[in-house]
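Notes to accompany the following structure.
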Amino acid sequence: MKLKTYELFTGPILSAFGSTMFSFFLRPIRQFAQALVANDSAGQVAWGFVLGMAIGLVPKGNFVAVLLGMMLLGLRVNKPAGLMGAGLFACVGMLLDPLAHRIGSFLLAWPPLQNLHTALFDTAISPWLGLNNTVVVGQLVIALYLAYPAYCLAHLFSLRVQARLSRWLLRFRAVRLLRGAELGTQWGIDG
């Protein structure tokens, strides 16, 4: 009898009852291991992290956040790195809201940008963009300001750490099981 991946951890008796719950709790751990061991280039990992950072910083009640999320899912970037960046910077974004409000207030009241704001607010999509909100504008500016340093740091991390860490992680049977049996057979990893 061949056991499924979750049956190796839970046993055949619990597999009928706890497979959905077990996979729900192990999914973040599996995605983290997959992000570290993935065959993505360092640029894909870095761009995924930068898009995730922008998603995490921007308030979520507008179309800008939806567009950034569609970019993360639609472009060829490392999605687990993007999800990690979004989770990390969602916590940081709340702390930066007062600074974002001041930056957004300055930019929305700045006289050289008044004609641009007027033209933008006359479009049909402007109510959904939320660019009349000072925090949204401020967080977008902060995300643009932090994009290059975040890309450089994520690229450097991916180049220096990902290869060594993936070799170290692949030594453990649990990581190979978390990655999934189909990936293991596809990449020639013996379980």
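Structure notes:
- G85 passes every criterion in (1) touching a residue at least 40 places away in the same chain (Cβ under 8 Å); (2) within 10 Å of the chain's Cα centre (by Cα); (3) surrounded by fewer than 23 Cβ atoms within 10 Å (Cβ to Cβ) apart from (3).
One line per residue, one yes/no per condition, for (1) modelled with pLDDT under 95; (2) surrounded by fewer than 14 Cβ atoms within 10 Å (Cβ to Cβ); (3) over 24 Å from W47 (Cβ atoms); (4) not hydroxyl-bearing (S, T, Y):
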| position | (1), (2), (3), (4) |
| --- | --- |
| L68 | no, no, no, yes |
| M71 | no, no, no, yes |
| L96 | no, no, no, yes |
| A100 | no, no, no, yes |
| N115 | yes, yes, yes, yes |
| L120 | yes, no, yes, yes |
| T134 | yes, no, yes, no |
| L140 | no, no, no, yes |
| L146 | no, no, no, yes |
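- Residues in segment 67-121 that are in contact with a Phe, Trp or Tyr (Cβ under 6 Å, 6 or more places away or on another chain) and in a helix (DSSP H, G or I): A81, G85.
- When A163 is tested against the conditions (1) of a type in the set (G, A, S); (2) under 24 Å from K60 (Cα atoms); (3) without any contact (Cβ under 8 Å) to a residue 24 or more places away in the chain, the lone failure is (2).
The values are calculated or read from the model by the stated rules, or taken from the named source; none is laboratory data. Note that the structure is a prediction, hence the values are computed from the model and not measured. So basically every Cβ, Gly included, is an ideal-geometry build from the backbone, and we count neighbours across all protein chains shown.
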